[in-house]
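Notes to accompany the following structure.
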Amino acid sequence: MRFLLDTEQRAFAKTLDGMLGSSDTPSTIRSWAAGDPDPGRTLWSRLADAGVFGLAVPERHQGLGPLPVELSVAFTELGRHAVPGPLVETVAAAALLDRLGDHASAETWLPRIATGAALVSLCVPDTGSPYALDADAADAVFVVEDETVWLAAGGGPLQRSSDPARRLSRPTGATVLVEGPTVRAAAAYTTDVAALTTAAQALGLGRALLDHTVAYATQRTQFGVAIGSFQAVKHRLADVLLALEFAQPLIHSAALALASDAPSAHRECAAAKVAAGEAAYAASRTALQVHGALGYTEELDLSLWIRKARALRDAWGTPAACRSLVLAP
């Protein structure tokens with residue numbers, strides 16, 4: 001099956017690419033990693049004005065969605081520019097609140113998410129991680145465990161991450177918001193949204209890494225010729241390109257399955273996540289190999305993309321966990 005974005009979706013992607021390309025995201029990433037969220041908050045507001053967060057919020061709560069396909073388009077561009085912050089967690093929390101029905105929390109938080117007034121995080125320990133992303137900068141941290149949704153009071157001490165811009169901590173203190181069997185179904189859909197948007201982020205990140213690496217391979221020379229002319233380098237770059245190209249239709253298919261509430265959505269989101277995550281990680285390793293020791297330096301902006309790849313590969317479903325879901329009978 002061949003998936004093609006329509007004219008409006010391509011224009012939306014181009015608009016986001018242009019906006020983020022002029023936003024100096026490397027400086028924003030470094031500020032965020034250092035504990036200064038102000039530049040990130042400014043960029044967050046611009047993304048909200050462009051309608052990114054409204055894509056996860058239904059119209060009755062001042063949103064535009066839910067529109068999983070458009071979300072995947074947006075998050076591919078967010079990944080391409082390595083935008084920091086709990087982007088995935090915010091749209092996943094919006095999906096959670098929407099699926100829980102007309103609860104007071106939905107009335108309170110969904111309009112604020114859509115307009116960019118609220119930056120929220122989400123922790124679902126059943127996915128394998130007890131940590132919430134950027135709880136120290138979030139306006140709210142939601143925790144889903146068994147059949148209960150909690151609103152945490154904040155986050156504990158920060159934990160180290162391969163990506164310094166991913167500030168992880170355990171949620172602390174909690175107020176029960178919702179209890180009951182509806183939470184499980186809502187949580188399942190929520191983790192699918194998180195897996196899909198993380199996969200889209202990884203795809204965009206991998207494409208950016210590949211573009212930069214190809215450009216560098218045509219500039220760096222050894223033995224009097226560009227290293228990009230060496231067959232071994234060509235093979236590594238071609239392998240990355242193929243992995244990214246195979247991941248893209250899986251993401252589009254998963255987005256369509258989510259949009260229609262298809263029974264296969266859970267498995268398709270897992271397949272998209274493992275394919276895109278592994279492709280992005282391969283792109284980071286190839287970028288590091290081609291750039292050599294330069295790729296290790298923090299002063300090189302590309303290192304911000306390289307360090308994010310592994311974190312995205314494992315976030316919201318490790319490769320092993322995703323493969324288990326895909327292969328489950």
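The values are calculated or read from the model by the stated rules, or taken from the named source; none is laboratory data. Note that the structure is predicted; figures quoted are calculated from it, not measured. Every residue, glycine as well, gets a Cβ built from its backbone with ideal geometry; the counts of neighbours run over all protein chains shown. In case anyone asks, the SASA skips ligands and DNA or RNA and just uses the protein heavy atoms, side chains included. Shrake-Rupley method; radii C 1.70, N 1.55, O 1.52, S 1.80 Å.
Key figures
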| quantity | calculated |
| --- | --- |
| Cβ-placed point charges (K, R +1; D, E -1), dipole of region 186-327 about Cα centre in debye, nearest 20 | 300 debye |
| Cα point-scatterer Debye curve for region 186-327, base-10 log of I(q)/I(0) at q = 0.21 Å⁻¹ | -1.12 |
| Sulfur and carbon atoms: percent of accessible area, region 186-327 [1.4 Å] | 60 percent |
| Compactness of the chain - radius of gyration and Dmax, Cα, Å | 19.3, 68 |
| Residue-normalised accessible area of the chain, expressed per residue, 1.4 Å probe, Å² | 44 Å² |
| Listed residues 76, 286, 297, most fluctuating in the chain (Gaussian network, C-alpha, under 10 Å) | 297 |
| Proximal charge balance of residue 195 [Cβ under 10 Å; K/R count +1, D/E count -1] | -1 |
| Order of exposure, largest accessible area first, which applies to 89, 8, 145 with probe 1.4 Å | 8, 145, 89 |
| Net charge contributed by nearby residues that have their C-beta within less than 15 Å of residue 131 (K/R +1, D/E -1) | -3 |
| Theoretical gain in end-to-end length, residue 179 to residue 60 [0.36 nm per residue, Cα-Cα removed] | 40.5 nm |
| Positive-end residue, region 136-227 charge dipole about Cα centroid, Cβ charges, pick of 223, 194, 212 | 223 |
| Local electrostatic count at residue 307 - Lys and Arg +1, Asp and Glu -1, tallied over other residues with Cβ under 10 Å | +1 |
| Theoretical gain in end-to-end length, residue 219 to residue 148 [0.36 nm per residue, Cα-Cα removed] | 20.1 nm |
| Computed label-point distance, nm, for sites residue 328 and residue 262 using a 7 Å Cα→Cβ extension | 1.8 nm |
